[in-house]
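**Q** Sharing a structure below in structure tokens format, with a few things to ask.
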Amino acid sequence: MTEKELCKQALSAMERAYAPYSGYTVGAALLTADGRVFTGCNIENASYTPTVCAERTAVFKAVSEGVREFTMLAVAGGKDGAVSGAFPPCGVCRQVLTEFCSPDFPVLLVTGEDTFERYTLSELLPLAFKL
Ligand code: THU
């Protein structure tokens, strides 16, 4: 699985987003150490706070299936289904990733059909809280 292939899966997952309230659709693709991919999308709710982000959907799908070893994450998002630049994970998702991933874990932010930016988790969440 190449970085670009994982980005494509994030773009596909973005199409499955349920975002009637914000209009921001987000997709995530999480590569596991054994080569599987768990995708996620944001799922909004009329009551707003139950909304879950794409990244957490992907992580929770994987963990609930017994998978906790992750290699790489790709995220794609934007307004009304279009990617117009990087859509970085929110703080809560960064904290959830910190629970399962090392500081050098790569997070790919899709910036276009064939382009992405690469960050490490510690760049996105320096001085992370851990017990
Ligand atoms: N969203 C994500 O899916 N991931 C993030 O990390 C940031 C925000 C979603 C939640 C909500 O449905 C929409 O984007 C606007 O906040």
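**Q** Mind grabbing the base-10 log of I(q)/I(0) for the range 1-61 at q = 0.12, 0.15, 0.18, 0.21 Å⁻¹? Debye formula, identical points on the C-alpha positions, no solvent, two decimal places.
**A** -0.28, -0.42, -0.57, -0.73
**Q** If you roll a 1.4 Å probe over the range 1-127 with all protein chains in place, what percent of the accessible area is carbon or sulfur? Can you show the working numbers first?
**A** On the way: 3440 of 6460 Å².
It is 53 percent, rounded to a whole number.
**Q** So, one more: Just to check, using Stokes-Einstein with a Kirkwood Rh over alpha carbon pairs, what's the diffusion coefficient of the range 55-131 at 25 °C and 0.890 mPa s in µm²/s? Before the final figure, lay out each step's value.
**A** Numbers: Rh = 13.1 Å.
Translational diffusion coefficient: 188 µm²/s.
**Q** What number do you get for the range 44-93 when its Cα radius of gyration is normalised by 2.2 N^0.38 Å, N = residues?
**A** Working: Rg = 12.7 Å, N = 50, 2.2 N^0.38 = 9.7 Å.
Scaled against compact globular proteins, the figure is 1.31.
**Q** For the chain, give the magnitude of the charge dipole about the Cα centre (Cβ charges: +1 Lys/Arg, -1 Asp/Glu; no others), in debye to the nearest 20.
**A** Values: 11 positive and 15 negative charges, 51 e Å.
Using only the charged Cβ atoms, the result is roughly 240 debye.
**Q** Calculate for the chain the 222 nm mean residue ellipticity that helices alone would give, adding -39,500 (n - 2.57) per DSSP H run of length 4 or more and normalising by residue count, nearest 500 deg cm²/dmol.
**A** Values: 4 runs with 37 residues, N = 131.
So the helix-based figure for the chain works out to -8000 deg cm²/dmol.
**Q** Could you tell me the relative contact order of the chain? Use alpha-carbon pairs under 8 Å, at least six residues apart, and round to a whole percent.
**A** 22 percent
**Q** Another one. Identify all lysines with a Cα-Cα distance to residue 130 below 25 Å; exclude those on the same chain that are fewer than 8 residues away in sequence.
**A** 61
**Q** For the chain, rounded, prolate or oblate, judged on the Cα gyration tensor with a ≥ b ≥ c (square roots of eigenvalues), a/c < 1.5 rounded, else prolate if a/b > b/c? All intermediate terms of the calculation are to be shown ahead of the outcome.
**A** Working: a/c = 1.42, a/b = 1.20, b/c = 1.19.
Rounded, since a/c falls under 1.5.
**Q** All other residues with a Cβ under 11 Å from the Cβ of residue 88 taken together, and with Lys, Arg as +1 and Asp, Glu as -1, what is their net charge?
**A** Working: positive: 94; negative: 55, 117, 123.
Surrounding charge for residue 88 is -2.
**Q** Let me have the relative contact order for the range 1-68, percent, based on Cα pairs under 8 Å that are six or more residues apart.
**A** Values: 121 pairs, mean separation 17.8, N = 68.
26 percent.
**Q** When DSSP assigns beta bridges and you keep just the ones with both residues in the range 40-118, what percent turn out antiparallel, to the nearest 5?
**A** On the way: 5 of 8 bridges.
In the range 40-118, DSSP labels about 60 percent of beta bridges as antiparallel.
**Q** Right, something else. Do any chymotrypsin sites (Phe, Trp or Tyr not before Pro) in the range 1-32 lie in a DSSP loop with no more than 16 other beta carbon atoms within 10 Å, and if so, which? Please list the in-between numbers first.
**A** Working: sites: 18, 21, 24; in loops: 21.
Of the chymotrypsin sites (Phe, Trp or Tyr not before Pro), the ones in loops of the range 1-32 whose Cβ has at most 16 other Cβ atoms within 10 Å are 21.
**Q** Turning to a different aspect of this structure: Take the alpha carbon atoms of the range 35-64, find their center, do the same for the range 89-127, and report the distance between the two centers in whole angstrom.
**A** The range 35-64 and the range 89-127 have Cα centres spaced 15 Å from each other.
**Q** Tell me the trypsin sites (Lys or Arg not before Pro) within the range 36-89 that lie in a loop according to DSSP and have at most 16 other beta-carbon atoms within 10 Å. Kindly include the intermediate steps, with their values, before the conclusion.
**A** Numbers: sites: 36, 56, 61, 68, 79; in loops: 36, 68.
Qualifying residues, ordered by number: 36, 68.
**Q** Continuing with the same structure: Scan the range 30-96 for chymotrypsin sites (Phe, Trp or Tyr not before Pro) in coil per DSSP, keeping those whose Cβ has at most 10 other Cβ atoms within 10 Å, and list them by number. Present the calculation step by step, with values, prior to reporting the outcome.
**A** Values: sites: 38, 48, 60, 70; in loops: 48.
Here the chymotrypsin sites (Phe, Trp or Tyr not before Pro) that fit, given the DSSP loop and packing criteria, are 48.
The values are calculated or read from the model by the stated rules, or taken from the named source; none is laboratory data. Predicted model, so just to flag it, every value in this text is computed and none were measured. Because the Cβ atoms are built from the backbone with ideal geometry, glycine has one as well, and the counts that use them run over all protein chains shown. Remember, those area values only see protein heavy atoms, side chains included, never the ligands or the DNA or RNA. Shrake-Rupley method; radii C 1.70, N 1.55, O 1.52, S 1.80 Å.
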